[in-house]
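For reference, the structure discussed in these notes is given below.
The values are calculated or read from the model by the stated rules, or taken from the named source; none is laboratory data. As the structure is a prediction and not an experimental result, all values here were calculated from the model. With ideal geometry, Cβ positions are generated from the backbone for all residues, glycine too; neighbour counts draw on all protein chains shown. Each accessible area value is taken on the protein alone, full model and side chains, heavy atoms only, with ligands, DNA and RNA left out. Shrake-Rupley method; radii C 1.70, N 1.55, O 1.52, S 1.80 Å.
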Amino acid sequence: MKKILLFASGNGSNVENIIQYFKNNKEVSILGVFSNNPEAKVLAIAKSYNITSYVFNRNELNEGFVLKKINELQPDLIVLAGFLWKMPEEIIQQYPNKIINIHPALLPKFGGKGMYGMKVHQAIIENKESTTGITIHYVNEHYDEGEFIFQHQIAIVDCQTPEAIATKVNQLEHEHFPKVIEKLLTSNS
């Protein structure tokens, strides 16, 4: 049995998609949903699937509480699905190549601190890009700089607003993120 922990800060559409994807898979278990936001909609999603959720603050993340919880749960993979805080080096060092993130653009473009969600899509519009996509990567000590696992590019010439780009990118995330997670879990058997 492969075990996944999910981290999210917001609405949780990727979390719900991942839960749905693995719902009937007897080889994969979702251990819990961790969030830094007590108001996050992702917590209601976790509850609706009877998945335990953990809410923590910055001190608990940086001072070992979250790492202690992760160590108790022993995940095979930690998935950041719309998680906006930087992972502490201590967690990254204890789980090398076991923490992955999804970014709503083709890194290295439009990445780094403060580049998430609509901010990314707005920057893409402002730079008059004709394509965008998603990047799934390992997490290291720097925002959006870990080794790439998967990228997928799409044309956005028909998109006039950040919201239009967000819709296309979200579809890509839902299509590819669970499959990439599954592939990582099976290749690490």
Problem set entry | Farthest toward positive dipole pole in the chain [+1 Lys/Arg, -1 Asp/Glu at C-beta], among Asn127, Asn101, Ala155 | Asn101
Exercise. Cβ under 13 Å from Ile134's Cβ, Ile134 left aside: what net charge do those residues give with Lys, Arg +1 and Asp, Glu -1?
Worked result: 0
For this session: Give, rounded to the nearest 20 debye, the magnitude of the charge dipole that the chain has about its Cα centre when Lys and Arg contribute +1 at Cβ and Asp and Glu contribute -1 at Cβ.
Result: 360 debye
Exercise. In nm, what is the difference between 0.36 nm times the number of residues separating Lys26 and Thr167 and their Cα-Cα distance?
Worked result: 47.6 nm
Problem set entry | Solvent exposure of the stretch 1-96 as accessible area per residue, Å², 1.4 Å probe | 50 Å²
Problem set entry | Built amide H within the under 5 Å cut-off of His152, gap 5+ | Ile134
Exercise. Label points 7 Å out from Cα along the Cβ direction at Asn97 and Ala123: separation in nm?
Worked result: 2.8 nm
Seminar exercise, completed: Filtering the chain for DSSP H helices with an axial alpha carbon extent of at least 18 Å and a Kyte-Doolittle mean of at least -1.0 returns 162-187
For this session: Return the calculated 222 nm mean residue ellipticity for the chain, to the nearest 500 deg cm²/dmol, obtained by summing -39500 (n - 2.57) across DSSP H runs with n ≥ 4 and dividing by the residue count.
Result: -11500 deg cm²/dmol
Seminar exercise, completed: Expressed to one decimal in nm², the mean projection of the alpha carbon convex hull of the stretch 1-42 is 2.7 nm²
For this session: Between the alpha-carbon centers of the stretch 11-40 and the stretch 82-103, tell me the distance in whole angstrom.
Result: 16 Å
Seminar exercise, completed: For the chain, the accessible surface attributable to carbon and sulfur atoms (probe 1.4 angstrom, ligands and nucleic acids excluded) amounts in percent to 47 percent
